[in-house]
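Working notes, structure below.
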Amino acid sequence: MHMTEFQQAKLRRYLLARDRLQRKCEEANRWQNIRAELTALRGARPDGRSRSGGGQEDAFLELREELEHAALETRELRRQLQEALAQMPDGDLRGLLEERYLVGRSKRELMEKYLLSERSLRRRLGQAVRCLEQCSTFFSEKS
């Protein structure tokens with residue numbers, strides 16, 4: 001038996017939030033580098049502020065706000081998942097979900113590590129998700 005669409009969507013939401021956070025961090029680093037280059041090219045004012053236009057600053061501040069929001073969302077989903085995983089009685093199934101969703105191992109990496117076929121991995125992940133659903137409220141509509 002496979003994961004339900006709701007279960008897949010909840011786990012996918014966490015992975016997407018994590019990936020969005022990573023992309024925002026990379027974007028923030030690029031903006032920080034551009035900002036530093038502009039400051040160096042234009043020179044700094046005596047009060048330490050850059051002479052660059054407000055447009056770049058506004059864009060950087062907006063990106064920073066988005067980054068903080070993405071970090072909060074990802075942190076909350078990760079906390080919920082960690083709490084739910086801690087309630088799982090089966091350590092093997094818990095370990096499989098931790099490797100997949102917290103460590104970020106790909107299905108291919110898990111197949112190699114656990115010496116499983118693709119079909120067996122899907123079956124074990126399905127079992128793990130059902131176990132998680134039975135012992136926690138992670139998949140409840142409210143969370």
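The values are calculated or read from the model by the stated rules, or taken from the named source; none is laboratory data. As the structure is a computational prediction, the values presented were derived from the model and not from experiment. Cβ coordinates were reconstructed from backbone atoms using ideal geometry, including for glycine residues, and neighbour counts include every protein chain displayed.
Just one residue in the set Arg75, Arg105, Arg119 is assigned to a loop (DSSP other than H, G, I, E, B) and either of a type in the set (Asp, Glu) or farther than 30 Å from Ala40 by Cβ (or both); that residue is Arg105. For the range 54-69, indicate whether the set of residues that are of a type in the set (A, V, I, L, M), modelled with pLDDT of 90 or more and under 19 Å from the mean Cα position of the chain (by Cα) is non-empty. Checking the range 54-69: not a single residue is of a type in the set (A, V, I, L, M), modelled with pLDDT of 90 or more and under 19 Å from the mean Cα position of the chain (by Cα). Could we say that Arg75 is in contact (Cβ under 8 Å) with a residue 60 or more places away in the chain, surrounded by fewer than 17 Cβ atoms within 10 Å (Cβ to Cβ) and not aromatic (Phe, Trp, Tyr) here? Against the criterion (in contact (Cβ under 8 Å) with a residue 60 or more places away in the chain, surrounded by fewer than 17 Cβ atoms within 10 Å (Cβ to Cβ) and not aromatic (Phe, Trp, Tyr)), Arg75 does not qualify. Identify all residues within the range 93-122 that are of a type in the set (A, V, I, L, M, F, W, C) and exposed (fewer than 15 other Cβ atoms within 10 Å of the Cβ); write none if there are none. Listed by number, the residues that qualify are Leu102, Val103, Leu115.
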